[in-house]
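Below: the structure, in structure tokens.
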2 protein chains.
Amino acid sequence: MRYQLYYWPSIPGRGEFVRLALEQAGAEYVDVAREKGKGMGVAALMRGMADARNPHPPFAPPYLKAGKLVIAQTANILLYLGARHGLAPRDEAGRLWTHQLQLTLADFINEVHDTHHPVGGSLYYEDQKPEARRYAAQFRKERVPKFLGYFERVLKRNPRGTRHLVGAHLSYVDLSMFQVMTGMHYAFPHLMAQLRRRYPLLIALSNRIPAQPRIAAYLASPRRLAFNNEGIFRHYPELDARKTARR
Amino acid sequence: MRYQLYYWPSIPGRGEFVRLALEQAGAEYVDVAREKGKGMGVAALMRGMADARNPHPPFAPPYLKAGKLVIAQTANILLYLGARHGLAPRDEAGRLWTHQLQLTLADFINEVHDTHHPVGGSLYYEDQKPEARRYAAQFRKERVPKFLGYFERVLKRNPRGTRHLVGAHLSYVDLSMFQVMTGMHYAFPHLMAQLRRRYPLLIALSNRIPAQPRIAAYLASPRRLAFNNEGIFRHYPELDARKTARR
């Protein structure tokens, strides 16, 4: 089956978590809004959103067409792909645990987004800079250590070893964790430099992912989108920690 | 099996979505943090969070113990309970669709929370009142119509009729929708009075839920917690729309 992924063409955003899973699975897919031609492009994405014949309309991108299914919500798409492509444990307990971690990452990603848009997504960052500074201060001080500390603990406690968040094999949540760590380094380089000794297992996990052959090929391809200041992970120096002279 | 639900004892919060599903299922459960005695109370909830022997630690309440499983993330708990108690379709497409709607409701609930805590959950509302007013203005004007309009459309498009969000039978997402609509009326009474003609199907759905015999018994019992200004849905008149003289 050839999947069709629908997501904004200019940012990695939430679509990237789906792309990483599709790439690691070696699945055939079309990144519809990034292709040109008939039935492609952003127009096709918008048409899919507005399609009144679809009884299961997405609220927002990303959404994935898989045969007759139209699936939205990033974590839901990964739940589906994980089961189909061996990117999650087969047993119910493992499946739920992987999904639980993905939902917790989704919560973290929402907070990352709110660092630059605390008042609302409909306003520009430039119109909410003072609020963003206040939000980012508590995010750096309390939320980042809480979330990353949690995932470090999950790695440490994994009965099958510290190389994966779930069990003894790579799962979609490892791929998502890589994307989050990479995004955090892009958006908050000084903060991450200060914190890096606290999360050795997370950093090691995230450093191993680009060595996966299919991920390596993907990262080197034009299919991979770079972070930029239109996405979820944005680099605004005023929201990052201050540079520390030495550690 | 007797479930153990762990959630803060003083607010409906996210725990309420789980309670409504357990009650409709007629499931046996203990609401641990609200009970007194050995192994009960908030101390038991905190111990469960900190339990270093649990390889699947929750990031935050609610979490549910089901035999050997410890499941966290509200939507994940409902995914599990829905399959077990006939509160979601059995087929994959229906199961994913129900979960997708629940995740979209979870996104909306996060935004409801942010109306009074736009700068961060670690600060008091009193310390972020100007930001909250700004957030709430765009929430009322753009986000509420976007989310409620979406769910109204989902009801209208349901090929099995407009009585349920999914298929021809009650599912956990109908119960969650009831809780959200009830919470919105508590938190934003003037806004909801202004909007109510736009969402006849959602309002009808939400009005039918308390007539379900098990839900009726639950709502009349001391197990049901009232909304209050410590929870997600809070009534701050300054964040609501202004009262309109006539419509």
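The values are calculated or read from the model by the stated rules, or taken from the named source; none is laboratory data. A quick note: this is a predicted structure, and the numbers were derived from the prediction, not measured. Don't worry about glycine lacking a Cβ; one is built from the backbone with ideal geometry, like all the others, and counts go over all protein chains shown.
Considering (1) of a type in the set (A, V, I, L, M); (2) away from chain A (no Cβ under 12 Å); (3) free of Cβ contacts under 8 Å to residues at least 40 places away in the same chain; (4) assigned to a loop (DSSP other than H, G, I, E, B), the lone condition that residue B:170 does not fulfil carries the number (3).
Enumerate the pairs (first residue in segment A:35-64 and within 17 Å of residue B:98 (Cα to Cα) and of a type in the set (S, T, N, Q); second residue anywhere and at pLDDT 95 or above and buried (at least 16 other Cβ atoms within 10 Å of the Cβ)) with beta-carbon separation below 7 Å, excluding pairs fewer than 6 apart on the same chain, so at least 6 apart or on different chains. As it stands, the answer is A:54/A:70, since those pairs meet every condition given. For the condition surrounded by 15 or more Cβ atoms within 10 Å (Cβ to Cβ), within 14 Å of chain B (Cβ to nearest Cβ) and of a type in the set (S, T, N, Q), residue A:162 qualifies. Given the criterion within 18 Å of residue A:12 (Cα to Cα) and touching a Gly at 6+ places or on another chain (Cβ under 8 Å), identify the matching residue among A:178, A:188, A:227. That would be A:227, the only listed residue that is within 18 Å of residue A:12 (Cα to Cα) and touching a Gly at 6+ places or on another chain (Cβ under 8 Å).
Does residue A:99 satisfy being closer than 20 Å to residue B:139 by Cβ, assigned to a helix (DSSP H, G or I) and within 11 Å of chain B (Cβ to nearest Cβ)? The answer is no for residue A:99. Of all residues in segment A:229-247, those being assigned to a helix (DSSP H, G or I) and surrounded by 19 or more Cβ atoms within 10 Å (Cβ to Cβ) number 1.
Residue count for segment B:187-228 satisfying the condition of being exposed (fewer than 13 other Cβ atoms within 10 Å of the Cβ), assigned to a loop (DSSP other than H, G, I, E, B) and not hydrophobic (A, V, I, L, M, F, W, C): 2. Taking each residue of segment A:109-129 that is under 18 Å from residue A:238 (Cα atoms) and looking for partners that are of a type in the set (Val, Ile, Thr) and assigned to a loop (DSSP other than H, G, I, E, B) with beta-carbon atoms closer than 7 Å, six or more apart or interchain, yields A:112/A:232; A:113/A:232; A:118/B:119; A:128/A:119. If only residues of segment B:102-121 that are of a type in the set (Gly, Ala, Ser) and closer than 19 Å to residue A:135 by Cα are counted, the one that is nearest to the other protein chains (Cβ to nearest Cβ) is B:120. Scan segment A:87-96 for residues that are free of Cβ contacts under 8 Å to residues at least 12 places away in the same chain and part of a loop (DSSP other than H, G, I, E, B) and jot them down. Of everything in segment A:87-96, those that are free of Cβ contacts under 8 Å to residues at least 12 places away in the same chain and part of a loop (DSSP other than H, G, I, E, B) turn out to be A:90, A:91. If I filter segment A:61-85 down to residues being in contact with a helix residue (DSSP H, G or I) (Cβ under 8 Å, 6 or more places away or on another chain) and assigned to a loop (DSSP other than H, G, I, E, B), which single residue comes out as farthest from the other protein chains (Cβ to nearest Cβ)? Out of the qualifying residues, it is A:85. Scanning segment A:122-145 turns up no residue that is assigned to a helix (DSSP H, G or I), within 7 Å of chain B (Cβ to nearest Cβ) and under 15 Å from residue B:99 (Cα atoms).
Note on segment A:1-20: residues that are surrounded by fewer than 24 Cβ atoms within 10 Å (Cβ to Cβ) and more than 15 Å from residue A:112 (Cβ to Cβ) amount to 9. Every test in (1) in a helix (DSSP H, G or I); (2) more than 10 Å from chain A (Cβ to nearest Cβ); (3) within 18 Å of the chain's Cα centre (by Cα) is passed by residue B:47 save one, and that test is (3). Scanning segment B:102-120 for residues that are buried (at least 23 other Cβ atoms within 10 Å of the Cβ) and assigned to a loop (DSSP other than H, G, I, E, B) yields B:118, B:119.
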